[in-house]
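The values are calculated or read from the model by the stated rules, or taken from the named source; none is laboratory data. Bear in mind the structure is a predicted one, so any value in this text is a computation, not a measurement. Heads up, the Cβs are rebuilt from the backbone with ideal geometry, glycines too, and the neighbour counts pull from every protein chain shown.
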Amino acid sequence: MKYLDEYRDQALAEPLLKELRKSVTKPFRVMEVCGTHTMSIFRSGLRTLLPEGIELISGPGCPVCVTSASHIDAILAMAELDNTRIALFGDLFRVPGSSGLSLANASAEGAKIDIVYSPMDCIGLAQKHPDELIVFLGVGFETTTPGIAATILAAKNSDIDNFVVFSTHKVMPPPLLALLDDPDLKIDGLLCPGHVSTIIGAGAYQPLADKYGLACVVGGFEPADILQALILLARQIASGEAKVENAYTRAVRWEGNSRAQTMVANIFEPVDMEWRGLGVIPASGLGTREEYCHFDAEKRLHIEFSSAEEPKGCRCGEILKGKENPPQCPLFGKRCTTATPIGPCMVSSEGTCAAFYKYAS
Ligand code: SF4
């Protein structure tokens, strides 16, 4: 806890807030890319403490939120297959598909579904249920994929035949490039995601700073980390600079984690991927390489995707693009709450709607 407690210390936050007030010389808008940042900002009450002139908007960095409705429908179809057991991280469990039903409903109807803490738990599940095909739902960004790549390798090395991954893995720079090409999105800086950057490195954002003249700062997740990153962003914006800085040096290096990058590149390859709200973005996802296709759920189960409607009235797509805030959704806090979520941004523990609902409504 040494590297967490000290960054939560209120005594540390006060001088940082003072410094931030001094650094803001003109109003600016910053997109916090990562859902963990969004949640931390709300949970710590930072939004209410920030000096006037700083506007924070949320971006597409919650992996559950950006999973498309057609992918959710495909997952629900797999859950209905005989001799199939779905394994997943918990957040996806309650995300509704286009029918309004979720894996939680499928589970109540008898589908075999296991919440796991690590993809490696699937190895044990595969050994315990030799007559079933264990389908791990690979939903996540660069932070998650090394562990899943390691699990595929472990399954191969152990001759496990009844384990596959449904890969909707996504990579971070391409959606940011797609968003920033939209002239309606007016932002001055990016609070770049800390977790993802431990793998891809701070240097991955250099093309964004170069092409869009955008201030980019990688930040950690404790209140003091976020304040430190905002100070650097405010200083860059005040001086008209556009560069990449790293305010999370205790975890992130410029070049990232090359061992993890190599492991992922050995198992997965870039593919076009559909994002909720953003459509299909070229080379923004990861698919299993041909030599590992035996572990690919899409190929083993011959999954076909059909276009799926977003839940009626749900504004998740606009929220994920940073164009609207949750209270602008007519369903927010009425039909859609954390107890009765309609879209994934209200389901996920990193979702912007859930953050607004829990801490700002
Ligand atoms: S409040 Fe609910 S319905 Fe509205 S955008 Fe958020 S998740 Fe979708």
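Count of the range 303-354 residues, restricted to those that are of a type outside the set (A, V, I, L, M) and more than 10 Å from the ligand (Cβ to nearest atom), is 10.
Quick check: is even one residue across the range 13-35 at pLDDT below 90, assigned to a helix (DSSP H, G or I), surrounded by 13 or more Cβ atoms within 10 Å (Cβ to Cβ) and out of contact with any Gly (no Cβ under 7 Å at 6 or more places or on another chain)? Yes; the residues of the range 13-35 include at least one that is at pLDDT below 90, assigned to a helix (DSSP H, G or I), surrounded by 13 or more Cβ atoms within 10 Å (Cβ to Cβ) and out of contact with any Gly (no Cβ under 7 Å at 6 or more places or on another chain). Regarding the range 48-59, can at least one residue be identified that is modelled with pLDDT of 95 or more and either at positive phi or touching a Leu at 6+ places or on another chain (Cβ under 6 Å) (or both)? Within the range 48-59, none of the residues are modelled with pLDDT of 95 or more and either at positive phi or touching a Leu at 6+ places or on another chain (Cβ under 6 Å) (or both). Checking GLU298, GLU274 one by one, the residue that is among the charged types (D, E, K, R) and touching a His at 6+ places or on another chain (Cβ under 8 Å) is GLU274 and no other.
Of TRP275, TRP254, all but one fail to be more than 16 Å from the ligand (Cβ to nearest atom) and surrounded by 14 or more Cβ atoms within 10 Å (Cβ to Cβ); the exception is TRP254.
With respect to ASP182, determine if the residue is acidic (Asp, Glu) and buried (at least 22 other Cβ atoms within 10 Å of the Cβ). No, not satisfied. Tell me the residue from SER306, SER258 that is under 20 Å from VAL171 (Cβ atoms), out of contact with any Lys or Arg (no Cβ under 7 Å at 6 or more places or on another chain) and polar (S, T, N, Q), please. That would be SER258, the only listed residue that is under 20 Å from VAL171 (Cβ atoms), out of contact with any Lys or Arg (no Cβ under 7 Å at 6 or more places or on another chain) and polar (S, T, N, Q). The criterion of at least 2 residues that are charged (D, E, K, R) is met by the following helices (runs of 4 or more DSSP H) wholly inside the range 99-214: 121-128, 206-212. Of the residues making up the range 295-314, those that are among the hydrophobic types (A, V, I, L, M, F, W, C) and modelled with pLDDT under 85 are PHE305, ALA308. Across the range 115-131, the number of residues qualifying as over 21 Å from the mean Cα position of the chain (by Cα) and either buried (at least 17 other Cβ atoms within 10 Å of the Cβ) or hydrophobic (A, V, I, L, M, F, W, C) (or both) comes to 4.
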